[in-house]
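Engineer: Just dropping this structure here.
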């Protein structure tokens, strides 16, 4: 949406330091590494950097203006620059996004959950793109800065699909009040961020903040296979339920997980039709049910829904299947990890056709005092007993080893390493033709380096 610098200043309670107040802005960037010609640069102060200091670099790379909350430097010829000063750059972004959203009369679908936010957002977008022009959150830009930037990138789309992430109370409430969703989707409530929030019940409360910016009567789509979501009241927002194990409005039946796709039947209001997903895992069937519900609300045909799901592309490092030259299959799911997602990934690994099944696992982060118990629980899973090898690294991954040994997994099947370099060296010696290898850990463990090294080696 096009706004003049003067309008932006009024919306953000900012003041023009120098430049042209009639300059028109229609795109924004916070990163000088990816900034494009004509963007407005927004200087943001982070924990380890101050983006305000890069205003000159942003202008040199083609920014037409800057929004800053502090200014250092010398203006030799201020007629060349347009710089707007605000009290807080993040709050300014949020005010701008709120204003832009208020001008739009389009559906806004908001997606949150402990697991599967990004893939569900991708499913929903793929479905809706069969009929509408869709603005969706790129990758997992779902926070206090990323979501406002997504909204500010609006041009002329028919619908928005926005992912909302959090790690504490109040964050999704802020995002919901900015985005004002017309449809909300909650994928599940698990243990992600339990170290901060203290309990799954508190995580549920934080996820339900997605309703804070929604008008009464707007629908909430939920996964009722999840124990906590199955029991939430639908007083102000009609509940649309999806599930495989539960008796839901949208029911997934006859699920077949093959080596390169997942097939199932969706049952809804006496309709029964097939769905094919080019992804492996029962969890994707469940997430796609949520997308089908959104598609129905926005009046897509059965054929449009089927076509969208059959051609889905999910974000990188989410259950990505790589077949290497020596016929080793890598299941790359190293973007992030939590207990629920790991259970699903292990189940997919065990059911994948291969000579041997190997799991390369690292720490799940942000669990704090819950970390030991959750890593012990991973080791106790039935799927761990079915592995040919369990390969571990990380400070808390040693508890996976302890849990596995208590689970009667033989010691010779478990390899624990204190660093990633030694793990890679032994893994490359170990894997053979027709092996299937799952690589999974929290993003902070940098397991994408393991996947990249295996791709280069084999």
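Engineer: How many residues does the range 104-118 hold that are surrounded by fewer than 21 Cβ atoms within 10 Å (Cβ to Cβ) and either free of Cβ contacts under 8 Å to residues at least 12 places away in the same chain or on the phi > 0 side of the Ramachandran plot (or both)?
Structural biologist: The qualifying residues number 1.
Engineer: So which pairs qualify, if the first residue must be in the range 188-216 and assigned by TED's automatic domain parsing to the domain that holds residue 363, the second must be surrounded by fewer than 21 Cβ atoms within 10 Å (Cβ to Cβ) and not in a loop (DSSP other than H, G, I, E, B), the Cβ gap must be under 8 Å, and the two must be at least 6 apart or on different chains?
Structural biologist: Final answer for the pair search is none.
Engineer: So which residues in the range 392-441 are over 15 Å from residue 377 (Cβ atoms) and part of a loop (DSSP other than H, G, I, E, B)?
Structural biologist: Passing the criteria: 394, 395, 408, 410, 418, 419, 431, 432, 433, 434, 435, 441.
Engineer: Still on this model: What single numbered condition from (1) surrounded by 13 or more Cβ atoms within 10 Å (Cβ to Cβ); (2) touching a residue at least 60 places away in the same chain (Cβ under 8 Å); (3) touching a strand residue (DSSP E or B) at 6+ places or on another chain (Cβ under 9 Å); (4) not in a loop (DSSP other than H, G, I, E, B) fails to hold for residue 94?
Structural biologist: If we test residue 94 against (1) surrounded by 13 or more Cβ atoms within 10 Å (Cβ to Cβ); (2) touching a residue at least 60 places away in the same chain (Cβ under 8 Å); (3) touching a strand residue (DSSP E or B) at 6+ places or on another chain (Cβ under 9 Å); (4) not in a loop (DSSP other than H, G, I, E, B), just (3) comes out false.
Engineer: With respect to the numbered conditions (1) more than 29 Å from the chain's Cα centre (by Cα); (2) farther than 21 Å from residue 100 by Cα, which one is the sole condition not fulfilled by residue 64?
Structural biologist: (2)
Engineer: Let me ask something additional. Name the one entry in 58, 63 that is touching a strand residue (DSSP E or B) at 6+ places or on another chain (Cβ under 6 Å), surrounded by 15 or more Cβ atoms within 10 Å (Cβ to Cβ) and not in a helix (DSSP H, G or I).
Structural biologist: Among 58, 63, only 63 is touching a strand residue (DSSP E or B) at 6+ places or on another chain (Cβ under 6 Å), surrounded by 15 or more Cβ atoms within 10 Å (Cβ to Cβ) and not in a helix (DSSP H, G or I).
Engineer: Further question on the same structure: Please work out if residue 119 is outside any loop (DSSP other than H, G, I, E, B), modelled with pLDDT under 95 and within 18 Å of residue 222 (Cβ to Cβ).
Structural biologist: Spelling it out, residue 119 is indeed outside any loop (DSSP other than H, G, I, E, B), modelled with pLDDT under 95 and within 18 Å of residue 222 (Cβ to Cβ).
Engineer: Search the range 321-338 for residues that are on the phi > 0 side of the Ramachandran plot and pair each with any residue that is at pLDDT 90 or above when their beta-carbon atoms are under 6 Å apart and the residues are at least 6 apart or on different chains.
Structural biologist: That search, which allows pairs on different chains as well, returns 327/433; 327/434.
The values are calculated or read from the model by the stated rules, or taken from the named source; none is laboratory data. Keep in mind the model is a prediction, meaning the values are calculated, not measured. For neighbour counting, all protein chains shown are included, and Cβ atoms are generated from backbone atoms with ideal geometry for every residue, glycine included.
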